[in-house]
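Inspection log for the structure reproduced underneath, given as structure tokens.
The values are calculated or read from the model by the stated rules, or taken from the named source; none is laboratory data. In this text the structure is predicted, and so the values were computed from the model without any measurement. Here the Cβ positions follow ideal geometry from the backbone for every residue, glycine too, while neighbour counts run over all protein chains shown. For accessibility, only protein heavy atoms count, side chains too; no ligands or nucleic acids. Shrake-Rupley method; radii C 1.70, N 1.55, O 1.52, S 1.80 Å.
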Amino acid sequence: MPGVLYTGGVITALFASMMTSQGSAQPPFDTVPPDKIVITVATVNGSGCPAGTAAVAVSEDNTAFTVTYSDYLAQVGKGAKPTDFRKNCQLSLVTHVPQGFSYAIASVDYRGFAHLEKGASSVEKASYYFQGQSQTTSNAHDFNGPYDDNWQATDIADIATVVWSPCGELRNFNINTELRVNAGTSNTRDTTSFMTMDSTDGDVSTTYHFAWKECPEKK
């Protein structure tokens, strides 16, 4: 899948179906815009995604977009800096939606690798909100050591609490992610515990799936 560096990146996608080819859960909304959706990546910043280490691409079936990181690593213990235990990334998107439609994040698939010594733990957190709105959707996934394997976590939006874009308005959609590793009772003098949300070969990425609905007609 070709990647586009986030700086000034523009993604054009036609969301023709809400069921992904990978078999992820189908979002509860199946009304999709008939026209193309243009997503402009406004900003990407944070200790987990320094300049040049995040890339964005559209899925082959055009039902989602992915973010791939190459330097998203939180760690504690031997060789780690005091501030390395927590890393974060803030992604701000401008989505140009056809008139009469509203969108939301239906589900997100997070992946990476973790090595946690006995007594250590980690957490992956994410929150989603539209510029100027107080409503925020947040999720967290915990992992406990000993652990030494790939990890995956999926956020599926609750229909009652899903955050929808304002009808007829252009608002930045903000996605904040965080990795945090806690040393706990592990031996930090001789061992290192870490958690990544990155990929050097492009096979590991975060996938965002969209849901759409039609806005009520103005009277």
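Please state which of the following conditions ALA153 fails to meet, knowing it meets all the rest: (1) open to solvent by 50 Å² or more (accessible area, probe 1.4 Å); (2) outside any loop (DSSP other than H, G, I, E, B).
(1)
Say we look at region 133-150 and pick out the residues that are assigned to a loop (DSSP other than H, G, I, E, B) and at pLDDT 80 or above; which of these is least open to solvent (accessible area, probe 1.4 Å)?
Taking region 133-150 first, the residues assigned to a loop (DSSP other than H, G, I, E, B) are 133-136, 145-146.
Those still in the list that are at pLDDT 80 or above too: 145-146.
Details: GLY145: 23, PRO146: 100 Å².
Across region 133-150, the extreme among qualifying residues is GLY145.
Hey, could you check region 208-219 for residues that are under 30 Å from PHE65 (Cα atoms) and open to solvent by 20 Å² or more (accessible area, probe 1.4 Å) and say which is modelled with the lowest pLDDT? Before you say what the answer is, go through the steps one by one.
First pass over region 208-219, keeping only residues under 30 Å from PHE65 (Cα atoms): 208-217.
From what's left, open to solvent by 20 Å² or more (accessible area, probe 1.4 Å): 213-217.
Details: LYS213: 82, GLU214: 84, CYS215: 85, PRO216: 82, GLU217: 77.
Per the criteria, the residue is GLU217.
When the residues of region 89-120 are filtered to those that are open to solvent by 30 Å² or more (accessible area, probe 1.4 Å) and within 20 Å of THR154 (Cα to Cα), which remaining residue is farthest from the chain's Cα centre (by Cα)?
That would be HIS115.
Taking the condition of being under 12 Å from TRP164 (Cα atoms) and hydrophobic (A, V, I, L, M, F, W, C), how many residues in region 118-141 meet it?
1
Among the residues of region 172-196, what is the count of those that are modelled with pLDDT of 90 or more and closer than 23 Å to SER138 by Cβ? Steps first, answer last, please.
Within region 172-196, the first condition is being modelled with pLDDT of 90 or more, and the residues that meet it are 176-196.
Narrowing the set further to residues that are closer than 23 Å to SER138 by Cβ leaves 176-182, 195-196.
Number satisfying all stated conditions: 9.
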